[in-house]
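The values are calculated or read from the model by the stated rules, or taken from the named source; none is laboratory data. The shown structure was predicted, so the numbers you read here are calculated from the model rather than taken from an experiment. All Cβ positions, glycine included, derive from the backbone under ideal geometry; neighbour counts span all protein chains shown.
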Amino acid sequence: MTTQVASLPPSAASPDRLVRLVASGAVIVTILYLILYGLYALWEPSALTAYTFGSLVNNTAPLAIAAAGETLVILARGFDLSVAGVISLTNVVMASYPVDGPGGALLSLMLCMAVGGIVGAVNGYLVAVLRLQTIAATLGTMIICQGLSLVILDAPGGVVSDFVADTLTDTLFGFVPVSGLIVAAVVGAWLMLRRTDLGVALYTIGTDEAAAALSGVRVARTRFLAFVAAGMVYGIAGFMLTAQTVTGNPNSGSPFLMLTFAAVALGGTSLSGGRGGLVGSIMGAALLMLLQKVLFSGGVSSFYTGIFQGAVLVLAIVFSRALTHLLERSRA
Amino acid sequence: MTPATLDPALSASKDERRVTRVRPELVTVLSTFALSALLIVASRFVSPALGSWGQAATVVSLSSFLIVAAFGQGLVILVGGLDLSVASLITLSAVLCTTWVGPEAGAAGILLIPAILVVCALIGAVSGLGITVLGIPPFIMTMATGIIVAAGALGYTSGTPRGSAPAPLLALMKGEVAGIPLLLIFTAAFVIAAAVLQQATGFGRRLYAVGASARAAFVAGVPVTRTVVAAYMLSATASGVAGLMLVGYSDGATLRMGDSYLLPTIAAVVVGGSSILGGSGSFVATVGGAVLLTTLGTVIAALGIGQGWRTVIEGSIILIALLLLRENTFARIRSWFPR
Amino acid sequence: MQSSNLSGLSIEGIAKSYGATVALERVSIHLAAGQVHALLGENGAGKSTLVKILSGVVRPDTGQMLLDGQTYMPGTILDARARGVATAFQELSLPSNLTVAECLLMPTLRKGRGGLVSARRTVAAAAEILARYDLRSVAPSALISDLSLAERQRVEIVRAFHHADRVLVLDEPTAALSDVTWLFDQIRRATARGIAILYISHRLAEVRSLCPVATVLRNGRSVATVDLRQADDDEIFELMVGHSKASESVRRSRVTVGAPVLEVRGLTTPKLADVSFTIGAGEILGVSALDGQGQRSLFYALAGLEKRLAGEVLVEGRPSRPGKPGDALRDGIGLLPEERKTEGILANLSSASNIVLPILDRIGRRGFVWPALERAAALESARAVELSPRYVSFRIGDLSGGNQQKALLARTMASGARTLLLFDPTRGVDVGTKEAIYAAIQAFADRGGSVLMYSSELPEIVRLADRCLVLYGGRVFTELAGPELEERTMVAALTGYTSAPLARGAAR
Amino acid sequence: MGTWKTGRAGALTTTLTTALMAALVGTAALGGPAAADEKKIKVYLSLSYSGNAWQSEAANVVKALAATPPYDKLVELKEVISGTDPQAQISAYESMIDAGAQGIISFPVSATALNRVVKRGCSKGVKFFMYDATVTEPCAYNVSYVTAGFGENSAQALVNALGGKGKIFLSRGVPGNSVDKRHTDGAMSVFKKYPGIQVVSEYYSFWDDRTTQQETGKALAAHPDVDGIWAQAGEYGAIQALKDKGSKLVPVTGENSNGFRLALMDPAAKQAGLTGVSAGSPPATAGYAFKLMMEVLTAKRKLEPQNIEYPLPWVPADQVKVCKGQKFEDGCNAFPPNVVPNSFVTEVFNPELLPELSLQSALEGKPTPGATIQPLPAEVKRAPDSPGINCQPCKAPADEYKVTKVEVKPAR
């Protein structure tokens, strides 16, 4: 090498991984969660009981899992509105075709994931192969899923098997909520996925699709699989929602539409793809659900709840940006 | 074809490779309107009373709100954002209109209508500043302003919006001039003015530039922050106008007035061929998208089947329309007609 | 000329159209194993399309390719790699979120326990690859986004070498490299192993030192394959553009330098220390430096893109403290940015929209900028840089790099700024376009404008500049003018008198 | 966004955040749980979405009653709006139970999804009083008109007005909602009996005036020759859509908006062909449920959890009478247009059950000056079983869709 290399700034050494980790969305949103939980416990001492925590986890699980699925699509630079449709659809399917016992629960779970996977495959085909814009294609499939939900169940009702209703909302050893374990399983699957070629490819096409293609990443296939995987995860969310509400409702998915995106964004995942992760989204969902509790225990109610919710949403993002900025500056 | 040797015919440095000149946007616009017309005509099979001018008039009046609100949404999408506060701002302006102005408003009361739009624009400015200055993702920022505004409207009215529409708005929505509905004239004027603003002013061109690449536009000297904030202000104002029109249409305000417009505004923009990532699209195409969606709604409403299947058909037709409107489709159709 | 030969890659009668746009009409080339074959042509001649076809990104409409006698028609990058064909792309293709190691091994990383990706093994494998190609200075675990442009280019090249067992395509591999010794060494080692190399560069000197033969592409056709030892520059140039070229390398005629236009006093930024200079009306001040000596910081600080820590800037006597490029424009300073792709073009928009962006308010009538007005203004600006009128209504992203650069230069000049900051205005640009750009810059100066120009190519500075600042370590190392302003002195100054002359300087 | 300039926004963001976070924590701390008055009965009002007139009137009458002596000294009422998402309401109920609620009066957004948390509340001694909408959990009290036969009675009235023959629209509520289904099933049980009645269009109006207007407009484009409209809430929009189309009006049955009632008594509209019945969901149910709950909580009444039927309001066109004052007095049942908006739901009053209320209570949630709480009649009317609405599993009575309010004319 000639001298000029020596005169260059040294090739960026392996960056400070710790700082990067701390500045990542997941950690910041967890910090925020702990702060808010502290506030909640301060105002509502029962917040620290296993029961309250368990029911909070139960309440959070469907949104957290739905947000986890959405993250897969968003990382690959897409929007998936079909999350609302899949949750409604799996919910009414489960309530219309209940199967009893642990084996039945497993069968239902498989069925939900299959339904979600099929919807995801349709989305994936429309987006990755036919090259429709993600938001437009998934809007179409969301509407179709909502229609199908109404066809299957035209009014709330149906039957949910006792095993699903009771066991999945129970706690193990008195303090481990089963729904939390399911969320943990999703996280586990994600951590495995991240360490596969597909996982790396997912981030890469979200960052720079053209460069990814030139690096040998099969962009269409990766995006297709991201939608399929996301659909299957929404299926799990629908399954958990059914376990919690013990009923079928053709509109049950609608409230999830905006909330999943909010959870993903709160969790530090960039809505323009390539940056973020699934754990952050799950914590983002948990934060949103906790917020209701904190506002209630803080005595904020009635009309003004919305104002606080909106403000906290913005502040959470600003806070995480500021923290990232401070950390980066301290590193520099 | 010439062999790979020096060819005298090539000595002049002339590039003879042909290039397409048909603009895809134009094709999108024509296709959306053609599809709408086709749907109206085809709807005769659904009900004999359909496919008439009466139905077309219904479509125009029902799509006018969507057209106005989608203009704002389109501007925001053009700069690479998304406005989720559309629904709340429609509601807010409707509520303020019936409470501030009301049916018996005199000249002074009418002056409050611009004031309502200023309130909307200021809220849009807050969204825009949050996005540009604080760097909050548009999705979250406008969702938050939406939630806050909705809560504010709820608190302001204690849940019950009072009053009804001022006379000028009633006249706008229901009146006629020389046999032509005033609403049609207003909508046409709005579309022209809005299309000119977006396509043929410095501000409009800068919106495209920012949407194409905010960084490159910034380096080229475009005041990016100001342009983006202005887009959000205009979007909020357009939502406000849509809210006022809805007050005139239904002679009153409800707190859920705007709820059913959020997704349709986005759908109209996207069906009109704009990229959700910004930097492309035209307002006339968005109008086509809005008209197409509304036509679809009226035709499907007349189908004698259950709501579930109706919804399934609606979703399917949206997907089919999107597939037909793809650029590939145009390219293929064009290849059938060699010049 | 090569006769048909089984070993190597034969391209026969390839054509490709995008819709109604014809990119390649008929191209035939034979790449012999173990030989470096140059591909020459103006921007827009169809080189990128040919590269894409060879790499498996697009399929040709007609024609065939034979690799060692077997049909070669890759459908994907991976197909191409499987046959031993790999490309180092001009628009670098390294996803910025990946580490160097991941980039080198994508799409299949090294696995550890349970079939999961092992970061350790991936890094180890990558370190081995980097070592094999003498690029130990880049850490395999570094993120691409943390690398300099030159380092990225090197990684891109190493990746191509790593995957190219039979054929290697190098598309403008030296665009971001100040030093080419390393690359040339690697090329020689590869040819020694019998690899056929297609080498694309705008730098004729480079091409001559590497390649025995060259194929010239013009308007989508391969017009000739020439033995470079027997063809002089003018002949090649004539083949490329279709007419003979005006005499070159005339030192610009010196007009009298007018009153100071841009005065910089003690400018300091985090990467720049106490830089002072003055440019007069009609003067072109060159800036020369090795990679990363603060030249970018200098340009960006003047244009309002970077914070200043100290110092004063006067434009025609008035202080200029731009907070953003818009302010700088108002002060009369226009910047041609470094990274064309990310900071220059608005890829989705037409060239016309790109060109008139800073002057929208001026060209409008009563505030309306009708498409006709935009087009007229753009055409006028395009003329100054010899941008073909037919490109004005094209989507700029579809144009070749050279034409994009012309459009950007047209934009900067049309902005009305009296001081232009041109950062490497001819990067990745072909000979014909270079001439047009030189002419435009000279004309601008002749009209009394002042220019601050950084270039990675020394002859360019020698040819255009009246004086030249040499930056080293963020400081003005020396200022060269008059007879001192020639390549040998500059090479010495660039390295701070520390080392042997640079390869490129020596090659010229 | 925000990435076109580098490293500028950072410092500003930091400062702002610190300030804002401090402010937030500060406000939150100040607004922390008010020191609860130990002696007062802790009651929560859980709303779905206070977004339409009906919801806010229902909430207002509860608030007004809670502030009417002697309850103003007895009860501490807190309102929580949780939206239309069952999960949010589950979470809200959980919080209320944890916060030591003694009674929860609520509009439940789902008949079944809340059962689990309701059951848990019951086991902790919380009394749940559901108004209008219902839950199937037997430990809750459901107070509702839903079983009182709105659908079949109004359908029969429409059939009678049309002489058993004609094309009609069904303007329904929210797709996939059990109350909408109950009403529509009831109505269809009547329409099916008349071969001359032809349902030419069926659409969903989400119980909203403006949506009804738009959807009716679409249906009118396909069927301009419609003879009658059977509508759920939002009926005033149907009348506006008819007016938008031209001069001809047709018989319309619908719910209780003030605009609809005024239209029914408008001579010009009557001339143009409008007639019908105003019936349906009364916000007054909330007030009745609240008073019942308070009587149970204060041990003035012994009442096991059960389904209680609130009487169906029934005002045919010829019985609409405009009130002069602030209440329903002398048999009046509508208000002048300048007093309340068209969307105002008139059936917020009940002279016998809720004499404490006035317009001010309904619109602003304030007690009527001088009013005191009057005891309720001792008797409550038990509601029949309605599977999936107020019980599960159970069987509906054979005469579930019996028409009670009008004469059943035989089909021709």
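Checked against (1) within 12 Å of chain D (Cβ to nearest Cβ); (2) in a helix (DSSP H, G or I); (3) not hydroxyl-bearing (Ser, Thr, Tyr), B:PRO161 passes all but a single condition, namely (2).
For C:ARG365, the test of being modelled with pLDDT of 90 or more, farther than 23 Å from C:ILE441 by Cα and either over 20 Å from the mean Cα position of the chain (by Cα) or surrounded by fewer than 21 Cβ atoms within 10 Å (Cβ to Cβ) (or both) is failed.
Looking at B:GLY179, B:GLY163, just one residue is at positive phi and buried (at least 20 other Cβ atoms within 10 Å of the Cβ), and that residue is B:GLY163. When we screen A:MET232, A:MET289 for residues that are more than 30 Å from A:ALA211 (Cα to Cα) and aliphatic (A, V, I, L, M), the only hit is A:MET289.
Would you check if there is a residue in segment D:53-67 being at pLDDT 90 or above, closer than 27 Å to A:LEU291 by Cα and not in a helix (DSSP H, G or I)? No: segment D:53-67 contains no residue that is at pLDDT 90 or above, closer than 27 Å to A:LEU291 by Cα and not in a helix (DSSP H, G or I). Here C:LEU92, C:LEU130 are screened, and the one residue that is in a loop (DSSP other than H, G, I, E, B) and out of contact with any strand residue (DSSP E or B) (no Cβ under 7 Å at 6 or more places or on another chain) is C:LEU92. In summary, strands (runs of 3 or more DSSP E) completely within segment C:167-218 and bearing 3 or more residues that are modelled with pLDDT under 90 occur at C:213-218. Among the residues of segment C:77-96, is any more than 8 Å from chain A (Cβ to nearest Cβ), without any contact (Cβ under 8 Å) to a residue 24 or more places away in the chain and crowded, with 21+ Cβ neighbours inside 10 Å? Checked segment C:77-96: no residue is more than 8 Å from chain A (Cβ to nearest Cβ), without any contact (Cβ under 8 Å) to a residue 24 or more places away in the chain and crowded, with 21+ Cβ neighbours inside 10 Å. Scanning segment C:327-339 for residues that are surrounded by 21 or more Cβ atoms within 10 Å (Cβ to Cβ) and outside any strand (DSSP E or B) yields a count of 4. Checked against the criterion of being within 13 Å of chain A (Cβ to nearest Cβ), surrounded by fewer than 23 Cβ atoms within 10 Å (Cβ to Cβ), part of a helix (DSSP H, G or I) and free of Cβ contacts under 8 Å to residues at least 24 places away in the same chain, segment C:135-149 contains one or more residues that satisfy it.
Within segment B:195-210, if we keep just the residues that are within 8 Å of chain C (Cβ to nearest Cβ) and assigned to a helix (DSSP H, G or I), the residue that is surrounded by the fewest Cβ atoms within 10 Å (Cβ to Cβ) turns out to be B:VAL196.
For segment C:325-347, filtering for residues that are more than 7 Å from every other protein chain (Cβ to nearest Cβ), closer than 21 Å to C:ARG362 by Cα and either free of Cβ contacts under 8 Å to residues at least 60 places away in the same chain or touching a helix residue (DSSP H, G or I) at 6+ places or on another chain (Cβ under 9 Å) (or both) leaves 7. Would a scan of segment C:421-435 turn up a residue that is part of a loop (DSSP other than H, G, I, E, B) and either on the phi > 0 side of the Ramachandran plot or surrounded by fewer than 19 Cβ atoms within 10 Å (Cβ to Cβ) (or both)? Yes, that holds for at least one residue.
Could we say that A:ALA155 is more than 18 Å from A:LEU109 (Cα to Cα), within 14 Å of chain B (Cβ to nearest Cβ) and in a helix (DSSP H, G or I) here?
Numbers: more than 18 Å from A:LEU109 (Cα to Cα): yes; within 14 Å of chain B (Cβ to nearest Cβ): yes; in a helix (DSSP H, G or I): no.
For A:ALA155, the condition - more than 18 Å from A:LEU109 (Cα to Cα), within 14 Å of chain B (Cβ to nearest Cβ) and in a helix (DSSP H, G or I) - is not met.
Return the only residue of C:ARG59, C:ARG81 being among the charged types (D, E, K, R) and in a helix (DSSP H, G or I).
Details: C:ARG59 fails: in a helix (DSSP H, G or I).
When all the criteria are applied, what remains is C:ARG81.
Can you confirm whether segment A:135-148 contains a residue that is closer than 20 Å to A:MET240 by Cα, in contact (Cβ under 8 Å) with a residue 24 or more places away in the chain and more than 7 Å from every other protein chain (Cβ to nearest Cβ)? Yes: segment A:135-148 contains one or more residues that are closer than 20 Å to A:MET240 by Cα, in contact (Cβ under 8 Å) with a residue 24 or more places away in the chain and more than 7 Å from every other protein chain (Cβ to nearest Cβ). C:VAL226 falls short on exactly one of the conditions (1) in a loop (DSSP other than H, G, I, E, B); (2) among the hydrophobic types (A, V, I, L, M, F, W, C); (3) modelled with pLDDT of 80 or more; (4) over 30 Å from B:PRO223 (Cβ atoms), and that condition is (1). Tell me, yes or no, whether segment B:233-256 has at least one residue that is under 29 Å from C:LEU360 (Cβ atoms) and within 11 Å of another protein chain (Cβ to nearest Cβ). No: zero hits.
If we scan segment C:39-54, do we find a residue that is assigned to a loop (DSSP other than H, G, I, E, B), out of contact with any Asp or Glu (no Cβ under 9 Å at 6 or more places or on another chain), buried (at least 17 other Cβ atoms within 10 Å of the Cβ) and touching a residue at least 24 places away in the same chain (Cβ under 8 Å)?
Filtering segment C:39-54 for residues assigned to a loop (DSSP other than H, G, I, E, B) gives C:42-46.
Add one more test, that the residue is out of contact with any Asp or Glu (no Cβ under 9 Å at 6 or more places or on another chain), and what stays is none.
Within segment C:39-54 (the criterion being assigned to a loop (DSSP other than H, G, I, E, B), out of contact with any Asp or Glu (no Cβ under 9 Å at 6 or more places or on another chain), buried (at least 17 other Cβ atoms within 10 Å of the Cβ) and touching a residue at least 24 places away in the same chain (Cβ under 8 Å)), the answer is no, since none of the residues qualifies.
Listed conditions (1) part of a helix (DSSP H, G or I); (2) among the hydroxyl-bearing types (Ser, Thr, Tyr); (3) within 12 Å of chain A (Cβ to nearest Cβ); (4) in contact (Cβ under 8 Å) with a residue 60 or more places away in the chain are all met by B:THR295, apart from (3).
Quick check: is even one residue across segment A:246-269 within 14 Å of chain C (Cβ to nearest Cβ), surrounded by 22 or more Cβ atoms within 10 Å (Cβ to Cβ), modelled with pLDDT under 90 and within 30 Å of C:THR87 (Cβ to Cβ)?
Looking only at segment A:246-269, we keep the residues that are within 14 Å of chain C (Cβ to nearest Cβ), and these are A:269.
From the residues that got through so far, the ones that are surrounded by 22 or more Cβ atoms within 10 Å (Cβ to Cβ) too are A:269.
Now drop any that are not modelled with pLDDT under 90, which leaves A:269.
Filter once more, so that each one left must be within 30 Å of C:THR87 (Cβ to Cβ): none.
No: segment A:246-269 contains no residue that is within 14 Å of chain C (Cβ to nearest Cβ), surrounded by 22 or more Cβ atoms within 10 Å (Cβ to Cβ), modelled with pLDDT under 90 and within 30 Å of C:THR87 (Cβ to Cβ).
Among the listed residues A:ALA128, A:ALA105, A:ALA201, A:ALA189, which satisfies the condition of being without any contact (Cβ under 8 Å) to a residue 60 or more places away in the chain, surrounded by 19 or more Cβ atoms within 10 Å (Cβ to Cβ) and of a type outside the set (S, T, N, Q)?
Values: A:ALA128 fails: without any contact (Cβ under 8 Å) to a residue 60 or more places away in the chain; A:ALA105 fails: without any contact (Cβ under 8 Å) to a residue 60 or more places away in the chain; A:ALA189 fails: surrounded by 19 or more Cβ atoms within 10 Å (Cβ to Cβ).
Matching residue, one of A:ALA128, A:ALA105, A:ALA201, A:ALA189: A:ALA201.
Scan segment A:159-186 for residues that are surrounded by 20 or more Cβ atoms within 10 Å (Cβ to Cβ) and hydroxyl-bearing (Ser, Thr, Tyr) and jot them down. Scanning segment A:159-186 gives A:SER161, A:THR169, A:SER179. When B:LEU134, B:LEU111, B:LEU122 are checked against the criterion of being at the interface with another protein chain (Cβ under 9 Å from one of its Cβ atoms), more than 26 Å from D:SER82 (Cβ to Cβ) and either surrounded by fewer than 24 Cβ atoms within 10 Å (Cβ to Cβ) or of a type in the set (D, E, K, R) (or both), B:LEU134 stands alone in meeting it.
The residues in segment D:109-125 that are touching a residue at least 40 places away in the same chain (Cβ under 8 Å) and more than 7 Å from every other protein chain (Cβ to nearest Cβ) can be counted, and the count is 2.
One residue stands out in segment B:171-189 among those that are without any contact (Cβ under 8 Å) to a residue 12 or more places away in the chain and within 17 Å of the chain's Cα centre (by Cα): the one that is nearest to D:LYS245 (Cα to Cα), namely B:ALA188.
Determine whether A:GLY299 is of a type outside the set (Asp, Glu), surrounded by fewer than 21 Cβ atoms within 10 Å (Cβ to Cβ) and farther than 26 Å from A:LEU132 by Cα. Against the criterion (of a type outside the set (Asp, Glu), surrounded by fewer than 21 Cβ atoms within 10 Å (Cβ to Cβ) and farther than 26 Å from A:LEU132 by Cα), A:GLY299 qualifies.
Yes or no: segment A:91-106 includes at least one residue that is of a type outside the set (A, V, I, L, M, F, W, C) and within 14 Å of chain B (Cβ to nearest Cβ). Yes, segment A:91-106 contains a residue that is of a type outside the set (A, V, I, L, M, F, W, C) and within 14 Å of chain B (Cβ to nearest Cβ).
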